[in-house]
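S.K.: The structure's right below; bear with me while I get my questions together.
The values are calculated or read from the model by the stated rules, or taken from the named source; none is laboratory data. None of these values were measured; they are calculated from a predicted model. Virtual Cβ from ideal backbone geometry, glycine too; neighbours counted across all protein chains shown.
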Amino acid sequence: MPRISLTVNGKPVAHEVEARTLLVQYLRETLKLTGTHVGCDTSQCGACVVHVDGRAVKSCTMLAVQADGARVTTIEGLAPAGKLHPMQQAFHENHGLQCGFCTPGMVMASVALVQGNPDPTDAQVRHGLEGNLCRCTGYQNIVKAVLAGAKAMRT
Amino acid sequence: MLKPHIGDSVLRHEDARFLTGRGTYVDDITLPNQAFAAVLRSPHAHARINGIDASAALAISGVLLVVTGEDWLKQGFGPIPTKSAVNKKRDGSPLNEPPRHCLAIGKARHVGEAVALVVAESHAAALNALDAIDVDYEALPAVTDARKALEPGALLVWDDIPGNFCLDFELGDKAATEASLKASDHVVELDVVNNRVTAVPIEPRGAIASYDAKTDCYTLYNATQNVHANRDTFAEKVLHVPKEKIHHIAPDVGGGFGVKNGVYPEPALLMYASRKLGRPVKWINTRSESFVSDSHGRNQMSKVRLGINKDGKFQALYTETIGDLGAFCWTVGPFTPTGGSARTQGGPYAFKAMYYCSKAAFTNTMPMDPYRGAGRPEASFQIERIVECAARKLGFDPVELRRKNLIPPTSLPLKTAMGLDVDCGDFPQVFERTLALSDRAGYAKRVEESRRKGWLRGFAIAPYMECTGGGPKEFAGVRFQKDGSVELAVGSQSTGMGHETSMPQILAARLGIDFESIKYRQGDTEATPLGGGHGGSRNLELGGNAVHQAASEVIEKGRKLAAHQFDTDEAKVQFEDGHFFVPGTNQTMTMREAIEASFDPSKLPEGMAPGGLDANTTYERGVISIPNGCHAAEVEVGPETGVVRMVGYWVVDDFGTIINPLLCDGQVMGGTAQGIGQALLEVAHYDPESGQMVTGSLTDYALPRADTMPPMTIEYYEGAPTKKNPLGVKGAGEAGCCGAPPAVVNAVLDALKDYGVTHIDMPLTPEKVWRAIRAAR
């Protein structure tokens, strides 16, 4: 079995993995980081979005071996323990989540979106989140949260 | 310290764990020594199962168990019964109910039906075993359309159920309605199809069962909306064990919308497998499986007739519906096209007479069960489409025609021709406020702006009136702890609606205690002796009033304790704003002080035990409440592409008392999004030849995305709190699904009116809209 070494949430990790192991399986099952969710089997829902070397990636669409040597951030590592990232705080204040299942992926996708476009318009946020499905919120408060989170990240 | 009031937008308590990845959904739970299950599902819509050879599967390393339908029957397990509140035909005989076993017996009757269960050491081994099971299927022709299923000579889904007929139903005065139609100046008629959809909560269903041989008890972690009712069915009807032997826990549940309310076969299979293997067994549905094994909703075909006079006054409404049930009566499936769709016929309009009748049929498709609204969205769509159709045909302004026929507040309270108790509300005021919000004055200019860009613009308004539903009783327990914390346990259950915030908010507001001190428990058969789970927009109406009632009991007990402390008569002690006091004296005691005193035996009145302020109470609903409101939509339609863009959306809702406006907005936005999805995007489509669900993945089944949704303005009319319950609440969860589909569809047809397009069945996909434009040109 191939051996991989990577940095997850700032900590170096190394494991032998079956070559077919998806990154999301490695995160959830091997590292027990269950904040990253699986909502579909066709890479549509976006519940599994994490950051790989700073880019938003659907971790169900990447093999763990492809993350060898990478720097991975999951929802658990977005902010120091006990603190919220400005985007997490904005989702809280704007009621940008209900059941919470899509939320980790939605927050991770939003942070990457804003990192690439620090002052997005409403339409850019809506377009930028087209790879993330939410069935509870109707997206209104998610968009509001991302705009508020972007503002907080700028200051 | 947070001391909220009723009506405050308290931010959610549960967010902290959901936002940091610390939520615990069923797939996040790993029990020691757990095995993994996978379900073999029928690839055929209809097939005889001549045999199942599992020997190759069992030979795979790590495979522990294969269970087939025959194995299941040998255990003596029972079928899952329907609990539809309407369970008789019109002639009084019981509905035709085929046995719904947890695995297919002899025949498979829809794509996705469970045929066998595999359990293995690893998920991968279980999947390999699925491929190795050899099922000798003999494919049979299938019927997937309920209208065809009821035709004479239709092939049968069940050999012993003639004509695929489950039951028929009627409500209202048929003779009076026919007479009124006859006497009307005009009768307008329309065929309305309410498309088959499915809920698609982003968390798929899943469960872990763990059997403990020492105690002979099961623990079942399950992504369900209804732990108590489902436990009872698993115990009493399927596995034949005392219900106390099953501890049913719903951990964090990632959305439900009705689809996680019913009794599914997989948890029962897991409990059996766990007992047989002596170890916990986990199963998580894939999304592809979810499309063909989660219940579907709607799918009603109706003929609607409206009697209307020359002056525009509605006279009579006559609706005939054929409802598709799929291959079985699911948990309450037969109720939706019968009682569920009948009650709110006619919406908020005045009628002299109404009549509703329906037939429900079996087909070779995934069975139907409640989906957000369960019958009320269908009724709302029927009335709003026929009203729009009448306005168009007879030359009335659609806004004026609606305005003319709304039930005036002076007519309330009234009982509708469908028997619905409408106690309070102000439909005209809600309607006018929605119109005002939608800026009708600026509309002509917006139409022109759209035209200049090459788009057609349309507007529609859709008032709605619906009702609550779900289990009529709810439990709330308030248990004070010595460390100052308070446990609040309620038998209703959040699958995202924020009960962990709204329920403690009610308790904290009533008692004047710290919101943060309240620990909330739900979704656990050991936390509450009974519980109705979630369904029918019932939580505030049942759970909220149960908490209110529990708080009242705490206050009563506190008055006794305070009277003892004040050395006065209990009748003199009052409670207000978190304080017990005797008017005209300086004797006062906070609720917090009373709670502390309740743990000090020296401070207790006679007959009160330490911790004696606890309350365990059951609230029972008298009459269901009547949420109502109005939606208005503006759309742009591309004449060359058929693309519909949502460009404006306004909602005014009368939900009675609003407990937490922030959470309420979330319900309205989410329900509206699902309604827009049904109107424009979503359909669970079956190929009529093969019986395959051709929209069976998220690639094919189109969910609304962030850019589907328009800017929305939401307001509440709070002038009519209902007196049907102490909090004055009317239920908010499903209203969006009632208002949105007719508002959106009628707005699109308004945009196309110059082409003469008068009707398109949902969903209004670009292709359908484009074809309608082309056909009309």
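S.K.: Please go through the range B:715-740 and give me each residue that is within 9 Å of chain A (Cβ to nearest Cβ) and surrounded by fewer than 24 Cβ atoms within 10 Å (Cβ to Cβ), ordered by number.
M.R.: Selection gives nothing.
S.K.: Among the residues of the range B:1-10, how many are away from chain A (no Cβ under 11 Å) and either closer than 22 Å to B:Gly112 by Cα or in contact with an Asp or Glu (Cβ under 9 Å, 6 or more places away or on another chain) (or both)?
M.R.: Of the residues in the range B:1-10, 4 are away from chain A (no Cβ under 11 Å) and either closer than 22 Å to B:Gly112 by Cα or in contact with an Asp or Glu (Cβ under 9 Å, 6 or more places away or on another chain) (or both).
S.K.: Can you tell which of B:His46, B:His13 is touching a helix residue (DSSP H, G or I) at 6+ places or on another chain (Cβ under 7 Å) and either within 14 Å of chain A (Cβ to nearest Cβ) or surrounded by 15 or more Cβ atoms within 10 Å (Cβ to Cβ) (or both)?
M.R.: Of B:His46, B:His13, the one residue that is touching a helix residue (DSSP H, G or I) at 6+ places or on another chain (Cβ under 7 Å) and either within 14 Å of chain A (Cβ to nearest Cβ) or surrounded by 15 or more Cβ atoms within 10 Å (Cβ to Cβ) (or both) is B:His13.
S.K.: Right, something else. Taking the range A:62-79, which residues are within 13 Å of another protein chain (Cβ to nearest Cβ) and not aliphatic (A, V, I, L, M)?
M.R.: Those that are within 13 Å of another protein chain (Cβ to nearest Cβ) and not aliphatic (A, V, I, L, M): A:Thr73, A:Thr74, A:Glu76, A:Gly77.
S.K.: List the number of the failed condition for A:Ala67; all other conditions in (1) surrounded by 21 or more Cβ atoms within 10 Å (Cβ to Cβ); (2) without any contact (Cβ under 8 Å) to a residue 60 or more places away in the chain hold.
M.R.: Here A:Ala67 clears every test but (2).
S.K.: Quick one: would you say B:Leu488 is surrounded by 22 or more Cβ atoms within 10 Å (Cβ to Cβ) and not assigned by TED's automatic domain parsing to the domain that holds B:Gly656?
M.R.: Answer is yes for this residue.
S.K.: Scan B:Val86, B:Val118 and give me the residue that is over 30 Å from B:Ser358 (Cβ atoms) and either β-branched (Val, Ile, Thr) or under 29 Å from the mean Cα position of the chain (by Cα) (or both).
M.R.: From the options B:Val86, B:Val118, the qualifying one is B:Val118.
S.K.: Determine if the range A:101-108 includes at least one residue that is surrounded by fewer than 24 Cβ atoms within 10 Å (Cβ to Cβ) and more than 9 Å from chain B (Cβ to nearest Cβ).
M.R.: Looking for residues that are surrounded by fewer than 24 Cβ atoms within 10 Å (Cβ to Cβ) and more than 9 Å from chain B (Cβ to nearest Cβ), one finds none in the range A:101-108, hence no.
S.K.: Go through the range B:16-43 and give me each residue that's away from chain A (no Cβ under 14 Å) and in contact with a His (Cβ under 8 Å, 6 or more places away or on another chain).
M.R.: Of everything in the range B:16-43, just one residue is away from chain A (no Cβ under 14 Å) and in contact with a His (Cβ under 8 Å, 6 or more places away or on another chain), namely B:Ser42.
S.K.: Does B:Thr233 fit the bill of being under 24 Å from A:Gln98 (Cα atoms) and either in contact with a helix residue (DSSP H, G or I) (Cβ under 7 Å, 6 or more places away or on another chain) or assigned to a helix (DSSP H, G or I) (or both)?
M.R.: no
S.K.: Condition check: surrounded by 20 or more Cβ atoms within 10 Å (Cβ to Cβ) and either of a type outside the set (A, V, I, L, M, F, W, C) or in a helix (DSSP H, G or I) (or both). Does B:Val387 satisfy that?
M.R.: yes
S.K.: Against the condition within 30 Å of B:Phe328 (Cβ to Cβ) and either of a type outside the set (Asp, Glu) or in the same structural domain as B:Phe257 (by TED's automatic domain parsing) (or both), how does B:Pro408 come out, does it pass?
M.R.: Spelling it out, it is not the case that B:Pro408 is within 30 Å of B:Phe328 (Cβ to Cβ) and either of a type outside the set (Asp, Glu) or in the same structural domain as B:Phe257 (by TED's automatic domain parsing) (or both).
S.K.: Cβ-Cβ distance below 8 Å, separation of 6 or more or different chains: which pairs start in the range A:3-29 with a residue that is farther than 11 Å from A:Cys60 by Cβ and end on one that is surrounded by 18 or more Cβ atoms within 10 Å (Cβ to Cβ) and polar (S, T, N, Q)?
M.R.: Going by the 8 Å Cβ cut-off, the qualifying pairs are A:Val8/A:Thr73; A:Val8/A:Thr74; A:Asn9/A:Thr73; A:Asn9/A:Thr74.
S.K.: Taking the options B:Pro583, B:Pro610, name whichever one is surrounded by fewer than 18 Cβ atoms within 10 Å (Cβ to Cβ), assigned by TED's automatic domain parsing to the domain that holds B:Leu488 and over 30 Å from B:Gln522 (Cα atoms).
M.R.: Just a single option satisfies the conditions, and that option is B:Pro583.
S.K.: Check B:Val651, B:Val668 and return the single one that is surrounded by 18 or more Cβ atoms within 10 Å (Cβ to Cβ) and part of a helix (DSSP H, G or I).
M.R.: From the options B:Val651, B:Val668, the qualifying one is B:Val668.
S.K.: Okay, moving on. Determine, yes or no, whether B:Gln429 is assigned by TED's automatic domain parsing to the domain that holds B:Ala462 and of a type outside the set (D, E, K, R).
M.R.: yes
S.K.: Closer than 30 Å to B:Arg440 by Cβ and touching a strand residue (DSSP E or B) at 6+ places or on another chain (Cβ under 9 Å): which single residue out of B:Glu620, B:Glu634, B:Glu593 fits that description?
M.R.: Going through B:Glu620, B:Glu634, B:Glu593 in turn, the sole match is B:Glu634.
S.K.: Kindly indicate whether any position in the range B:333-353 is surrounded by fewer than 23 Cβ atoms within 10 Å (Cβ to Cβ), in contact with an Asp or Glu (Cβ under 9 Å, 6 or more places away or on another chain) and either in a strand (DSSP E or B) or in the same structural domain as B:Gln225 (by TED's automatic domain parsing) (or both).
M.R.: yes
S.K.: Residues of the range B:442-489 being under 27 Å from the mean Cα position of the chain (by Cα), closer than 30 Å to B:Glu526 by Cβ and of a type outside the set (Val, Ile, Thr), which ones?
M.R.: Across the range B:442-489, the qualifying residues are B:Gly469, B:Gly470, B:Gly471, B:Pro472, B:Lys473, B:Glu474, B:Phe475, B:Ala476, B:Gly477, B:Leu488, B:Ala489.
S.K.: Tell me whether the range A:80-97 contains one or more residues that are surrounded by 18 or more Cβ atoms within 10 Å (Cβ to Cβ), touching a strand residue (DSSP E or B) at 6+ places or on another chain (Cβ under 7 Å) and either at the interface with another protein chain (Cβ under 7 Å from one of its Cβ atoms) or under 24 Å from B:Gly733 (Cα atoms) (or both).
M.R.: No.
S.K.: Continuing with this model, one more query. Which ones in the range B:437-451 are surrounded by 14 or more Cβ atoms within 10 Å (Cβ to Cβ) and in a helix (DSSP H, G or I)?
M.R.: Of everything in the range B:437-451, those that are surrounded by 14 or more Cβ atoms within 10 Å (Cβ to Cβ) and in a helix (DSSP H, G or I) turn out to be B:Leu437, B:Tyr443, B:Arg446, B:Val447, B:Ser450.
S.K.: Also, I was wondering about something else. Quick check, is B:Ser93 crowded, with 18+ Cβ neighbours inside 10 Å, hydroxyl-bearing (Ser, Thr, Tyr), more than 14 Å from chain A (Cβ to nearest Cβ) and under 21 Å from B:Asp160 (Cβ atoms)?
M.R.: no
S.K.: Which ones in the range B:692-713 are surrounded by fewer than 22 Cβ atoms within 10 Å (Cβ to Cβ), at the interface with another protein chain (Cβ under 10 Å from one of its Cβ atoms) and outside any loop (DSSP other than H, G, I, E, B)?
M.R.: Result: B:Asp707, B:Thr708, B:Met712.
Let's see how each residue does on (1) within 14 Å of chain B (Cβ to nearest Cβ); (2) over 20 Å from A:Ala81 (Cβ atoms); (3) assigned to a strand (DSSP E or B):
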| position | (1), (2), (3) |
| --- | --- |
| A:Ile4 | no, yes, yes |
| A:Pro12 | no, no, yes |
| A:Arg20 | yes, yes, no |
| A:Gln25 | yes, yes, no |
| A:Thr34 | yes, no, no |
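S.K.: Could you say which residue among B:Gly535, B:Gly531, B:Gly578, B:Gly523 is outside the structural domain of B:Val259 (by TED's automatic domain parsing) and touching a Leu at 6+ places or on another chain (Cβ under 8 Å)?
M.R.: Residue meeting the stated conditions: B:Gly578.
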